[in-house]
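Below is one structure, written out as structure tokens, with a few remarks after it.
Nothing in this text is a laboratory measurement; each read-out follows from the coordinates by a stated rule. The structure presented is a predicted model; accordingly, all values stated were derived computationally and were not measured. Here Cβ is always computed from backbone atoms with ideal geometry, including for glycine, and neighbour counts include all displayed protein chains.
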Amino acid sequence: MSLQLPRKHNATDTTIFTVMSTLAQQYNAINLSQGFPDFPIDTKLSNLLHEASLNGLNQYAPMAGLPILREAIAQDFSKRYSITLNPDTEITITPGATYAIYTAFSAILSPGDEVVVLEPAYDSYIPNIEMNGAKAIPVKLLPKTFAPDWEKIKASINSRTKAIIINTPHNPTGTIWQQEDWNQLAELLRNTDIFILSDEVYEQLVFDKQQHCSVLQQPELRERSFVLYSFGKAFHNTGWKIGYCIAPPTLSQAFRRLHQFLSFSVNTPAQYALAQYLSHTERESPTELLQNKRNYFIELMQQTPFQLLQPSQGSYFQLVSYAGMSDASDIDFARLLTEKYGVATIPISAFYSDKHDDKILRFCFAKKEETLTKAVERLKDIEPESF
């Protein structure tokens, strides 16, 4: 008997994040590849999780999420962005933002549909699209600046285009969208039925006194948008896997129609802890904390042969070029860097569907200072000719 399994997407069987983290363990390397912090979360938040469990909040939460958490999110957005949200009809709690992205795609896509994906792109986007029988249309961001190429985006849109996915702050480049970018998108989508998925998981990590500019602040675009968020990125607790989707009532209804059969419920004590934490007036500033780490990492990296690209405007990540050091592919260079020098990173070609290689690596700086210091001490010893 030969059992046949359908192949739901064209991506590799193992993601580059798993590959590099496995290599890091194998060679006892410092892992600056995967985007997870190695420092503790705020003790107020961990104590609230303990409190929730002790107080018996250990059973299923409502399908859309605990009302107190959805209300806390609405109040938080009102305070930070002056955005009005209906917690009952526009906010859905999810087991992480990647889940929310898949569910949003599933709510709108049918076989034969097309989705515009701006590359380099987070590696779940295209498999999520393909698993729903649709086709991803990759459009490269402009070289060096990684700004949208509006002429190419416009040329990629046709009668089969169902959606476009936006990511700001951007993983892996650390760039952010400005108001003019949203204005351009609004003009492009006007008089169309194209949906927007806006991946804003790093929205609380925007640096140098710049402001996050959300699709929720764009009245013309908000009614066609699913907006995806992650508490893990904001509060450094990625292992909790709690995110949420904000969408207008009709889109939220479509989202929940699937969510109820995919997950139904999300970790109750974690939802309670996050709801209480959001109401705290005195809590850690993730922006200040991560900007200090970015600055520290950039300062350290100037002692190495790597060439820093523009400073990250937001997210956990900083891009660097090794073009002046080696002709090796970025995948080979990243592997050798892990094996020979004990520092794991991510090759940027992994974020392109055609494996476009500009000899750029992504480093995660969301680490303790001693971790970053130890990593750069190893990178300082690199001998370019060894590659």
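Quick look at the values:
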| quantity | calculated |
| --- | --- |
| Stokes-Einstein D (µm²/s) once Rh is taken as the Kirkwood radius of the range 304-346 over alpha-carbon pairs, at 10 °C in 1.306 mPa s | 140 |
| Label-zone membership for the range 119-133, site Leu188, 7 angstrom Cα→C-beta point, backbone N under 14 Å | 119-120 |
| Residue with peak Gaussian network fluctuation, the chain [Cα springs, cutoff 10 Å], from Glu187, Glu284, Glu90 | Glu187 |
| Tail beyond 27 Å, pair distance distribution of the range 54-210 (Cα, percent) | 32 |
| Kyte-Doolittle mean at least -1.0 and Cα axial length at least 18 Å: DSSP H helices in the chain | 67-81, 249-262, 286-301 |
| CD proxy at 222 nm, helix term only [per DSSP H run n ≥ 4: -39500 (n - 2.57); per residue of the chain; nearest 500] | -11500 deg cm²/dmol |
| The range 75-141: C-alpha gyration tensor shape, a/c 1.5 cut-off, then a/b vs b/c | prolate |
| Residues Ser198, Ser159, Ser315, Ser78, sorted so that the one with the fewest Cβ neighbours within 10 Å comes first | Ser159, Ser78, Ser198, Ser315 |
| Cα gyration tensor shape for the range 133-282, rounded if a/c is under 1.5, else prolate or oblate | oblate |
| Equivalent-ellipsoid semi-axes of the range 92-185, from the Cα gyration tensor, Å, largest first | 21, 17, 12 |
| Cubic angstrom per residue, convex hull over Cα atoms of the range 195-261 | 87 |
| Summed side-chain charge close to Gly314 - residues other than Gly314 whose Cβ falls under 11 Å, Lys, Arg +1, Asp, Glu -1 | -1 |
| The range 8-124: C-alpha gyration tensor shape, a/c 1.5 cut-off, then a/b vs b/c | oblate |
| Relative contact order of the range 28-94, defined on C-alpha pairs under 8 angstrom at six or more residues apart (%) | 25 |
| Overall dimensions of the range 1-56 by Cα: Rg and Dmax, Å | 19.5, 56 |
| Percentage relative contact order, the chain, counting C-alpha pairs under 8 Å, at least six apart | 25 |
| Whole-angstrom gap from the range 251-317 to the range 33-49, using each part's C-alpha centre | 11 |
| Distance between modelled label sites at Gln303 and Arg378, nm, 7 Å Cα→Cβ extension | 1.6 |
| Listed residues Arg70, Arg294, Arg160, most fluctuating in the chain (Gaussian network, C-alpha, under 10 Å) | Arg160 |
| Local electrostatic count at Arg70 - Lys and Arg +1, Asp and Glu -1, tallied over other residues with Cβ under 13 Å | -3 |
| Over the chain: Rg over Rh, Cα atoms, Kirkwood Rh | 0.96 |
| Beta bridges by DSSP in the chain, antiparallel share as percent, to the nearest 5 | 45 |
| Inter-centroid distance (Cα atoms) of the range 329-352 relative to the range 90-139, Å | 27 |
| Estimated distance in nm for a label pair at Leu258 and Lys340, the labels positioned 7 Å out from Cα along Cα-to-Cβ | 4.5 |
| Distribution of pairwise C-alpha distances over the range 148-200, 10 Å bins, in % | 21, 58, 20, 0 |
| Kirkwood Rh in Å, taken over all unlike Cα pairs in the range 221-368 | 18.6 |
